[in-house]
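Asks: One structure, pasted below without further comment.
Each reported figure results from applying straightforward, stated rules to the coordinates on display, with no laboratory input. None of these values were measured; they are calculated from a predicted model. Cβ sites come from the backbone with ideal geometry, for glycine too, and all protein chains shown count toward neighbours.
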Amino acid sequence: MEGRVPEDLAVVVDADGAIMVWSDGARRLLGYEPAELLGTPVTDLLATDLPESTRRHAADGRRWAGEVALRHRDGNRVVVRLQGTPLRDARGGRLWLVTGTVPVYTAARAEHGTLPLWDLTLAQLPVPVAVYDRDARLVAANEIMTEVMGRSEEEMQGLTLWEIEPNPPFDTYDRLQREVLRTGEMIFHEEHSKAPGETRPHAWSMFLSPLKDGAGAVQGMSATVFDTTEQYWSRRRLAVLNEASLRIGSTLDVTRTAEELAEVAVAGGFADFVTVDLLESVTLGDEPGPLPPDTPVTVRRTAQRSVLEGCPESVVASGETTRYPVGTLPLRTLGTDRGARHRPGDPELREWLSASPGRAESVSVSVSEYMIHSVMMVPLRARGVTLGLVHYMRHRTPEWFSEDDLLLAEEIAARAAVSVDNARRYTRERRTALALQRSLLPERPPELAAMDVAYRYLPTGAGADIGGDWFDVIPLSGARVALVVGDVVGHGIQASATMGRLRTAVRTLADVDLAPDELLTQLDDLVIRLDREEGPEARGAQEASGQVGATCLYAVYDPVSRRCTMARAGHPAPALVTPGGDVRFLDLPAGPPLGLGGLPFEAAEVQLEENSLLALYTDGLIEAPDHDIEVGIGLLHRALSGPAGTLDETCDRVLRTVLTGRPDDDIVLMLARTAVLDAGKVRAWQLPPEPTAVARARKMAGEQLAEWGLSEAEFATELIVSELVTNALRYGGAPIELRLIRDSTLVCEVSDGSNTAPHLRRARVFDEGGRGLLLVAQLAERWGSRQTATGKTIWAEQPLPAGM
């Protein structure tokens, strides 16, 4: 802030730099009473270092004059023009008398009548003017030029610019002067720098013009300098506004958008420290409600940026929350449509600081240490809704915020607010879509005896445009387990809904214990029906539109036989890692994608060693914008060939290795390490197709349960075995096999040579049959049947007795 120097300003400083005299004019200028300052160092009043020319004159004991930035009692910065006159005390020590500047150049010569009107005009021009001879040595300079240079005309006469000020950018000025003297052509030059007699940088427009005699010979040159700081700042504001329109809103992320707002303001030199506080509801993607007039508001420091590394000025860390108390300046500004300019000494700011003792102490330290002298608060509003508040502060930039700066800040905030609101809406839609998608996927792998499973799911779609990738782990009868990985064509909520329906269908078909190829056939029919219902011409459609489709891989692993049966529908083939570390991709029949119809699916069977590793995945893992599928498969092969570790470690290693860039599609990776059911937990018997087999089966089952220590389950198990074997003898045929499996449950299986599926029915009073399966269903926790290569298997599960 430019300060007007009182006429009676006078300060006396002793040789040690302590204040001896403090006049009433000094009190009015800076607000300090004499009793507060007498005996204190005068340097405590400096807001910035003295200009270099002033320091040099003071060190030499010579009179000096120039701009000085002082600290007002209320914390503001005051820039005034002062002059210091050296004095001597009674003992010969040096004193300094500091007063306001008084024009001396014009007055001294005018008293002697030596200046014609033309000279008076040049001397009193309100712009700096200097004249140089043919050797680029100063001949004369007007009063404004001596103030800018911080030296009197007598000190500079006969010297070149480089001799007057041997520091950049005066080497450039000296070179340009000699160019003018050599060519006789005028040069226009612009510079933004701090002059020796100034406390802050200015924008200077310089006209370096040759001075020619009547014959056209160059006799010297003149330098006319114009202060174009306002125009400079106008261009800077326009550049910041242009940069804001290009950079803010490059992503649909609330935090990143707020960071871009802070970065643009600081990087463009508009502010030295910027903070962005958003309402907590905005950071979560929720719709912000109206601000209650008599309730404190909690905001989250979403972004902050400073010209100083680490934002040391900040009293709230990024990501933390803070409160705007009722009636304080930030809360009042938050509820308005306009921003406001303030200085640290303003009563409203003091009131806000005093509302929190901790904030008052920390902010006061920040203001005094970093000399924050100008503050703007601008609300972020979009579509009539308040989103947050932006604080702009200056401490390294001497100029305080002007009305034009406030208009620019409001324009930037208005543009940024729209981007923040778009990002907020995006966050809400994406969160809703992801919540829907995750609700349709398993939360955690089940506890299985057949294998250990780990998986990773990475949704990478933009906004609600998430994909339809899915996976599942389904426990089956006989301690078997089914692994499913699929990918619905397309993206968005519709793809997620289709994915959910397909996953439910797979689980339902898996409960029926269909073979993998048969399950895919049924799933193919379902996709065709969904396509007819959901396609663009769904109403009354007789043929599939092709808009709904999917790929799928379905595998069933039996830990007793170690056989894994797989079938796929247009899905990438799984990878197999042997216990010895060899990696190969299984050669399975490809099969058509789901939704085409009319084409068969084929199943393949693989014998797996114990501790084999199966890797199932969607194409998003191996496809990438920067390489083709073959490269992705090679990266996956390399990742799986790495050192053995836990399944979670292997998942992470695969993702780190294969994902060389940001994927364009959702990714599912599922790893399954196979186990073999202990032979001591499985017992099987071949039964003859004769009635005596029933009693024999009951006896063998009872003995086995006694050996396992499951005598409590003997009665129910014998009844189940009796009914299942009887059913096989009556309705089935050879070969008949009884198998008991002790896993997390007790499983009883009876296989026969007939593929006729049993049906549960309720027998009437005089019916001879129909009660066997009903009895099994009442004794068992679960029961069912499945088709085999030679017939069918009927199974029943019972919970193990407590403590077993």
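Asks: Using 7 Å Cα-to-Cβ label points, what is the Asn167/Met20 separation (nm, one decimal)?
Replies: Placing both labels 7 Å beyond Cα along the Cβ direction yields 3.0 nm.
Asks: Sticking with this structure for a sec: Once you list every other residue whose beta carbon is under 12 Å from the beta carbon of Arg256, what net charge do they have if Lys and Arg are +1 and Asp and Glu are -1?
Replies: Values: positive: Arg247; negative: Asp253, Glu259, Glu260, Glu263.
Within the 12 Å Cβ shell, the charges total -3.
Asks: FRET efficiency for Glu630 and Ala267, Cβ-Cβ distance as r, R0 = 56 Å, nearest 0.05?
Replies: After rounding, the FRET efficiency stands at 0.85.
Asks: Order these by the 10 Å Cβ neighbour count, fewest first: Asp531, Asp664, Asp517.
Replies: Asp664, Asp517, Asp531
Asks: Among the aspartates and glutamates, which fall within straight-line cross-link reach of Lys212, defined as a Cα-Cα distance under 13 Å, with same-chain neighbours fewer than 8 residues apart omitted?
Replies: Counting by Cα, and skipping residues close in sequence, Lys212 has these aspartates and glutamates nearby: Asp133, Glu185.
Asks: What net charge do the residues around Ala413 carry, taking every other residue with its C-beta under 13 Å from that of Ala413, with Lys and Arg at +1 and Asp and Glu at -1?
Replies: -4
Asks: I would also like to ask the following. Under the definition of Cα pairs under 8 Å and six or more residues apart, what whole-number percent is the relative contact order of the chain?
Replies: For the chain, the relative contact order is 7 percent.
Asks: Ratio of Rg to Rh for the range 232-425, alpha carbon only, Kirkwood?
Replies: On the way: Rg = 15.3 Å, Rh = 16.5 Å.
My calculation of the ratio gives 0.93.
Asks: Can you list the residues of the range 469-494 with backbone N under 16 Å from a point 7 Å past the Cα of Glu533, pointing along Cα to Cβ?
Replies: Hits in the range 469-494 for Glu533 at 16 Å: 494.
Asks: Using Cα positions and a limit of under 20 Å, work out the lysines in reach of Lys681, with same-chain residues fewer than 8 apart set aside.
Replies: Output for Lys681: Lys699.
Asks: When N is the residue count of the range 10-100, what does its C-alpha Rg come to as a fraction of 2.2 N^0.38 Å?
Replies: Dividing the Cα Rg of the range 10-100 by 2.2 N^0.38 Å gives 1.02.
Asks: Please give the FRET efficiency for Val139 paired with Leu38, using the beta carbon to beta carbon distance and R0 = 51 Å, rounded to the nearest 0.05.
Replies: 0.65
Asks: Further question: Dipole magnitude of the chain about its Cα centre, charges +1 at Lys/Arg Cβ and -1 at Asp/Glu Cβ only, in debye to the nearest 20?
Replies: 1040 debye
Asks: Where does each of 9-16, 75-82 land if you order them by average Cβ count within 10 Å, highest first?
Replies: Listed from highest to lowest mean packing, they are 75-82, 9-16.
Asks: State, in angstrom, two size descriptors of the range 107-227 derived from its alpha carbons: Rg to one decimal place and Dmax to the nearest whole number.
Replies: In order Rg, Dmax, the Cα atoms of the range 107-227 give 14.2, 43 Å.
Asks: Take Arg638 and Asp652, extend 7 Å from each Cα along the Cα→Cβ direction, and tell me the distance between the two endpoints in nm.
Replies: 2.1 nm
Asks: Can you give me the distance in nm between label points at Asp286 and Leu308, each placed 7 Å from the Cα along the Cα-to-Cβ direction?
Replies: 3.6 nm
Asks: Then there's this: Determine the sum of side-chain charges near Pro516: Lys and Arg each +1, Asp and Glu each -1, restricted to other residues whose C-beta is under 15 angstrom from that of Pro516.
Replies: Every neighbour counted, the sum reads -4.
Asks: Counting only helical runs of four or more DSSP H residues, what would the 222 nm mean residue ellipticity of the chain come to if each run contributes -39,500 (n - 2.57) and the total is spread over all its residues?
Replies: -10500 deg cm²/dmol
Asks: Take the Cα atoms of the range 679-799, find their three principal axes, and give me the spread along each one in whole Å, biggest first.
Replies: 39, 31, 26
Asks: No solvent, one uniform scatterer per C-alpha: report log10 I(q)/I(0) for the range 214-271 via the Debye equation at q = 0.16, 0.26, 0.29, 0.30 1/Å, two decimals.
Replies: -0.61, -1.01, -1.11, -1.15
Asks: What's the angle, to the nearest 10 degrees (0 to 90), between helix 403-439's Cα axis and the longest principal axis of the chain?
Replies: The helix 403-439 is inclined about 10 degrees to the chain.
Asks: Could you tell me what % of all Cα pairs in the chain have separations over 34 Å?
Replies: The proportion of pairs with Cα distances above 34 Å equals 69 percent.
Asks: State, in angstrom, two size descriptors of the range 440-674 derived from its alpha carbons: Rg to one decimal place and Dmax to the nearest whole number.
Replies: 17.2, 57
Asks: Rank the residues His627, His395, His202 as a footprinting-exposure proxy: fewest other Cβ atoms within 10 Å of their Cβ go first.
Replies: Lowest count first: His627, His202, His395.
Asks: Quote to one decimal, in nm, the extra length available between Thr336 and Thr756 on full extension: 0.36 nm per residue of separation minus the C-alpha distance between them.
Replies: Using 0.36 nm per residue and subtracting the Cα-Cα distance, I get 143.4 nm.
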